[in-house]
Amino acid sequence: MTANSARNGDPALNAVRRERELQELGDTGDIDLLVIGGGVTGAGAALDAAARGLRTVLVERHDLAFGTSRWSSKLVHGGLRYLASGQVGIAHESAVERGILLRTTAPHLVRSIPQVVPLLPGIGAAQRALIRAGFVAGDVLRRSAGTPSALLPRSRRIAAAEALRLAPTVRREGLSGGLQAWDGQLVDDARLVVALARTAAARGATVLTRVEALDVTGNSATLRDTLSGETLQVRPRAVLNATGVWADQVDPSIELRPSRGTHLVFDAAAFGGLTASLTVPVPGSTSRFVFAFPAAHGRVYLGLTDEDAPGPVPDEPKPTDSEIDFLLDTINTALREPLTRNDIRGSYAGLRPLLKTGDGSTADISRKHAVLHSPNGVITVVGGKLTTYRQMAEDAVDAAITAGNLTADPCRTKRLPLVGAVSGAARDRIAAPQLLVERYGSEAPTVLAATDGNRAMQAAVAPGIDVTAAEFAFAITHEGALTPDDLLDRRTRIGLVPEDRAAALPAASSACITTIS
């Protein structure tokens, strides 16, 4: 067993640990692998490498899940879309990785969700047959991936009454039933990233937020603490660039073509108690859909667009008016009462880090990930999608091991549960409210314990918001949150609704002052 794998297994990330590990890194500088980027792929790679016994350091210039990883649909797709376009390999890979997330990696953060296509007059017989065939192909994918039907039931035709039970605001006139399939849904994509980073830390990885990498080569980098301004030099044996849409800033030899995916945020009441992913075909298309699905904090998310996003990459992309209109127009084809802009509570957009392969639509660019070797020795991983992060990380770490001539154990992440992972009967026995179990899994009692006899910790962070002060405190002491923004925008998703964000900001600011000091 290496010294790295023999560490104490503490998954807690906080300001004290950050300061200590920065100091230790400055004193020794002994690194096998430097991972740049704290999104799902970077955090996944740090865990993969640390679990193999490599001395691993992950640096992120902002916060964990700051970029694209927090702007996803929160759906863990089985690859049906890729099967439809003939990308059988990607489809199978997606189905396999979905099963790993559901059963092993994060059963506390991923649940099965029904997907319902209402059969309305606007969907012709040919399109119905095509959708049904796609769902049946999805069943084949699930079986080939080894995911049991107890987790993801087989697709089927449902009656109109059942379709309305799952999606109460669907038009009744002309509704002849629905087509139902099942997929995976994350409680929260940012929580998955944090769990990956914390599990990596428990395996001995050094995880440093607010640290940027400058002057990067395949065996050297300058690390700058953006909080203090101090710098240190490191000489890793290999460097992995997992910075997503910013990858070309670290590795100028690659050329990206980002595409923007936009979602709108509604109160759950706007969809009348939606309990499925309401899936509506885009008029005039046989392969594109928009989805409305229930989400955390009593909300519904509506997405997704796929638009070219040229130009400089912003820290926080913004939806365009045309994308908002497109999403509303499409979903309204299936609703009894049309939604308007006045119903929108918030919105968000993310940029997919697609490798430039041509001048056609970004929707036609392959989502298969690529592991690239830069002329300066850096290994870069781009493309892919959230569902397949684990395979992306494995392939990237394999390449880094070869490039750095490193000695490492085999990849173990297929069988490695994340911190908090719990499922089945063990999940039901956890002595904590269901809402906390969904967010924290086996760690829910730790969060709950902070509220014992402490009314301040029991209190909601703002009226009508289902997050307590104890959750803010846990985010600071265990999940690496350093600022109010970290609490509002990534450890919770309160910030997706501007009014909620403003209401909870005083509690977030107070938590940072009280807990960190």
Next item on the list: Go over the candidates ALA197, ALA238, ALA205 one by one and state the one that is modelled with pLDDT of 95 or more and either surrounded by fewer than 24 Cβ atoms within 10 Å (Cβ to Cβ) or closer than 26 Å to LEU75 by Cα (or both).
Entry: ALA197
Note to self: I need the full set of residues from region 489-515 which are in a helix (DSSP H, G or I) and either under 22 Å from THR199 (Cα atoms) or touching an Asp or Glu at 6+ places or on another chain (Cβ under 6 Å) (or both), in order please.
What the structure shows: ASP489, ARG490, ARG491, ILE494, GLY495
Next item on the list: Kindly indicate whether any position in region 104-114 is in contact with a Leu (Cβ under 8 Å, 6 or more places away or on another chain), under 18 Å from GLU394 (Cα atoms) and surrounded by 21 or more Cβ atoms within 10 Å (Cβ to Cβ).
Entry: yes
Notebook entry, point to check: If the Cβ limit is 8 Å and pairs must be 6+ apart or interchain, which residue in region 35-62 that is more than 22 Å from GLN233 (Cβ to Cβ) pairs with which residue that is of a type in the set (Phe, Trp, Tyr)?
Noted result: GLY39/PHE66; VAL40/TYR389; THR41/TYR389; GLY44/TYR389
Check: Limited to region 426-448, what total is found for residues that are surrounded by fewer than 17 Cβ atoms within 10 Å (Cβ to Cβ) and in a helix (DSSP H, G or I)?
Finding: 6
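Residues checked against (1) more than 19 Å from LEU351 (Cβ to Cβ); (2) among the charged types (D, E, K, R); (3) outside the structural domain of ILE131 (by TED's automatic domain parsing):
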residue: ASP32; (1), (2), (3): yes, yes, yes
residue: GLY37; (1), (2), (3): no, no, yes
residue: GLY42; (1), (2), (3): no, no, yes
residue: ALA50; (1), (2), (3): yes, no, yes
residue: GLY53; (1), (2), (3): yes, no, yes
residue: LEU58; (1), (2), (3): yes, no, yes
residue: VAL76; (1), (2), (3): yes, no, yes
residue: GLY79; (1), (2), (3): yes, no, yes
Item checked: Filter result (farther than 16 Å from ILE324 by Cα, surrounded by 21 or more Cβ atoms within 10 Å (Cβ to Cβ) and modelled with pLDDT of 95 or more) within region 277-298 -> SER277, LEU278, THR279, PHE293, ALA295
Margin query: Looking at region 403-425 only, could you name the residues that are closer than 23 Å to ARG203 by Cβ, of a type outside the set (Asp, Glu) and surrounded by fewer than 17 Cβ atoms within 10 Å (Cβ to Cβ)?
Written below: ASN405, THR407, PRO410, ARG412, LYS414, ARG415
Notebook entry, point to check: Which strands (runs of 3 or more DSSP E) sit wholly inside region 177-240 and have at least 2 residues that are over 30 Å from PRO153 (Cβ atoms)?
Noted result: 206-209, 211-217, 220-225, 231-234
Note to self: List pairs: first residue in region 139-155 and in contact (Cβ under 8 Å) with a residue 12 or more places away in the chain, second residue basic (Lys, Arg) and in a loop (DSSP other than H, G, I, E, B) anywhere in the structure, Cβ distance under 9 angstrom, at least six positions apart or on different chains.
What the structure shows: ASP139/ARG154; ARG142/ARG154
Next item on the list: Output yes when any residue across region 480-493 is surrounded by fewer than 24 Cβ atoms within 10 Å (Cβ to Cβ), at negative phi, without any contact (Cβ under 8 Å) to a residue 12 or more places away in the chain and not assigned by TED's automatic domain parsing to the domain that holds VAL207, and no when none is.
Entry: no
Note to self: Could you check region 449-468 and list, in sequence order, the residues that are more than 16 Å from ALA432 (Cα to Cα), part of a helix (DSSP H, G or I) and of a type outside the set (Lys, Arg)?
What the structure shows: ALA456
Check: PRO417 passes all but one of (1) part of a loop (DSSP other than H, G, I, E, B); (2) touching a strand residue (DSSP E or B) at 6+ places or on another chain (Cβ under 9 Å); which number fails?
Finding: (2)
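The values are calculated or read from the model by the stated rules, or taken from the named source; none is laboratory data. Just so it is clear, the model here is predicted, and its values are computed rather than measured. Neighbour counts are summed over all protein chains in view; Cβ atoms, including those assigned to glycine, are modelled from backbone coordinates with ideal geometry.
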